Amino acid sequence: MLDVLAYIFLYTFIFGCLFLGTAIGFTIITGVLRVFHLGYGMTFLIVAYGTWAFWRDFGIEFFTSIILSFLLLAAITVVVYKFVISKFLEVEDYLLAALLSIFIIIEELISHIYPEIVGVYLPTSITKETISLAGASVPGQLVVVAAVSLMITFIYLQLLVRTKTGLIMRAISQNVFASKLMGVNFDRMFILALVIASIPPGVIILLLSPVWAMNPFIGWPLFTYAILATVLGGLGNLKGTIMASFILGFVFAVTGFLINPRMMVLAALIVVILVLVFKPRGLARAETIW
């Protein structure tokens, strides 16, 4: 029984950090742009398969390929904003449909070029060791993912709380009209928010690659984690996302080790729905991202 409790404790931390790492960018987008970005899942795919394409197909050095994949993601993000988000910002139903369509198009394109049988693998492993705690063990690479998620969260908190750019983003999230009166360049800030928000999921998928089988449809489960944490925490509220991530991590761990691992997502969905019944705006919903 002590072993099970140790596993629950350890994997609550691991799963919580994983939820957090996938949801940070989505939270910033919903907090600043007030857009439920249904194309967010494409960020995982573009970085992972972009790195693979630059590295294996074009013969570019691996680390340079990673940088190029993030530059490719930034370029696609700008294009999506210019030709989709900015055009349909006032027509939410069309915007949601367009963003979801872009995600599916990218997914299907990658699936056509790199079907699952290709066996994409990115050598981004930091450690191959196994970490043990009170009889429980976890792959060291997952601990790395957790540590990087926490580090990214800390960096983004500093950006939002201590910098002028973060102050402007928080002002936009609190009052769009007042921010316009103060002369905020919305196109620039929205593009910057989208690009900043695309970095965490890209980093997470690169670090997950050695321990999580890659396939063209991996964006969906990771996107699901981001949605669950962001909705439970309160759309656009980073404090809420942090709390929700570890609550969901606990639900995942308890369900996985005490009930049935195949029911982890179902259990998380049930918890989210039950919380929203009593708190429809989430755990920490506020008109600010922090």
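The values are calculated or read from the model by the stated rules, or taken from the named source; none is laboratory data. No experiment lies behind these values; they were computed from the predicted model shown. Cβ: placed from backbone, ideal geometry, glycine included. Neighbour counts: every protein chain shown.
Here Arg56 meets the list (1) over 23 Å from the mean Cα position of the chain (by Cα); (2) touching a residue at least 24 places away in the same chain (Cβ under 8 Å) almost entirely, failing just condition (2). Residue count for the range 187-207 satisfying the condition of being farther than 18 Å from Thr27 by Cα and modelled with pLDDT under 95: 2. Taking the numbered list (1) out of contact with any Phe, Trp or Tyr (no Cβ under 9 Å at 6 or more places or on another chain); (2) of a type in the set (Gly, Ala, Ser); (3) modelled with pLDDT under 95; (4) closer than 24 Å to Ala193 by Cβ in turn, Ala74 passes all entries but (3). A count restricted to the range 143-177 and to residues that are under 30 Å from Lys128 (Cβ atoms) and out of contact with any strand residue (DSSP E or B) (no Cβ under 6 Å at 6 or more places or on another chain) stands at 13.
Taking the range 242-290 as the range and being within 23 Å of Val32 (Cβ to Cβ) and part of a loop (DSSP other than H, G, I, E, B) as the test, the residues that pass are Lys279, Pro280, Arg281, Gly282, Leu283, Ala284, Arg285, Ala286, Glu287, Thr288, Ile289, Trp290. Among the residues of the range 105-142, those identified as in contact with a strand residue (DSSP E or B) (Cβ under 7 Å, 6 or more places away or on another chain) and among the polar types (S, T, N, Q) are Thr130, Ser137. Inside the range 213-255, residues that are hydroxyl-bearing (Ser, Thr, Tyr) and farther than 18 Å from Leu157 by Cβ make up a count of 3. Scanning the range 212-235 for residues that are of a type outside the set (Ser, Thr, Tyr) and more than 26 Å from Leu109 (Cβ to Cβ), we see that the one that is surrounded by the fewest Cβ atoms within 10 Å (Cβ to Cβ) is Leu235.
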